[in-house]
Structure formats: C-alpha cells, structure tokens
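**Student:** I have a structure I would like to understand better, so I am pasting it below and will then ask my questions one at a time.
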C-alpha cells in the first residue's frame, strides 16, 4: 500500500512540473501570416508553375522506366524462346535413329538346342534375343525376388549348360555359344 502511495505522489509531482513550465507565445508566426497573404499566393502560383515544369520530365522518366522494364521482359522472353529452340534442336538431333550395326543384322543360325526355344530359321541376333525374352516372359521364368536371375525350364536347361538358374548377363554369353 505504501509503495502505491509513493508512486502516486511521484506521478503528481511530475505532472505539476510539466504544468508549471512556461510556453513561449507564438505571436510572431501569426503576425507574419497576416502581413504577407498576397505574396504567398503569388509564390504558390510560381511554385505550381515550377512544379508543373518539373513534373513533365518526371512523367517522361517514368514512361522510359516502364519502357525499359517492358524491353527487359521482352529480352528475357526472347532468351527463353532461344533456349527452348536450342533444346528442341538438340533433342531432334538425339532422336535420329541410329544405323544398326550390320554385324547384328546379319542372320545367324541357331543350333538344335536353341532352336527348341527360338526356332530353326536363320535370324539376326537382335531378333534372337527378342524371341528369347518373349519365351522367358511368356513362361514366367524370371525369379520373383531377384528379377535379374532366370530360372531354366526343360527347353532352356541344355542352352544354359545344365544350370538351373542363370543371370541375364551370363545368359547372353551362354546363348552366343549356341549360334553359328
């Protein structure tokens, strides 16, 4: 309670000090306003004229700034278009079909063991591998856990030299031995 009373007294003292401060009269300012009202009007007209002159170039600057911004945007858009065209050209170049190697396209004769899977007619190596994979997928011979491994059935076991399971990479090596 005593603390609150002390605080209140301190606040009262401060407000009294503020109230006792003397303020200077503002007569001079009023007098100047009354003396020269006509001159101020003239001055304001001059200022308006001067500001109008100043504003005109400012508008031009703003317009040029806007034009510059628009020009920058156009340049950026052109750059983007050029980049896209270059990328499209590169993609077109990459998409050209390669000429197949004639060694792969030369027909090969599969032997009797491989003929049971692929057929006995001479066919190119590319077609041979396609037919082999078709046979593997049709008979679901890929291992379910490890898809790289191929389980041999009765027709493929002699091609894989009697092995029950062979990897994809090893399979191509073993198949090449059964081709003339």
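Read the figures in this text as sums done on the coordinates, not as results from a lab. On a predicted model such as this, the values are computed, not experimentally measured, just so you know. Note that we place each Cβ from the backbone using ideal geometry, even for glycine, and neighbour counts take in every protein chain shown.
**Student:** Cα-based Rg (one decimal) and Dmax (whole number) for the stretch 102-176, in Å?
**Tutor:** Cα-based Rg and Dmax for the stretch 102-176 come out at 12.0, 37 Å.
**Student:** Can you figure out the FRET efficiency of residue 143 with residue 120, using R₀ = 35 Å and their beta-carbon distance, to the nearest 0.05?
**Tutor:** Step by step, r from the Cβ atoms, then E = 0.75.
**Student:** Suppose R0 equals 45 Å; then what is the FRET efficiency for residue 64 and residue 99 from their Cβ-Cβ distance, rounded to the nearest 0.05?
**Tutor:** Working from the Cβ atoms, E equals 0.20.
**Student:** Starting from 0.36 nm per residue, how many nanometres of slack lie between residue 73 and residue 168 once their C-alpha separation is accounted for?
**Tutor:** Contour length minus the Cα-Cα distance gives 28.7 nm.
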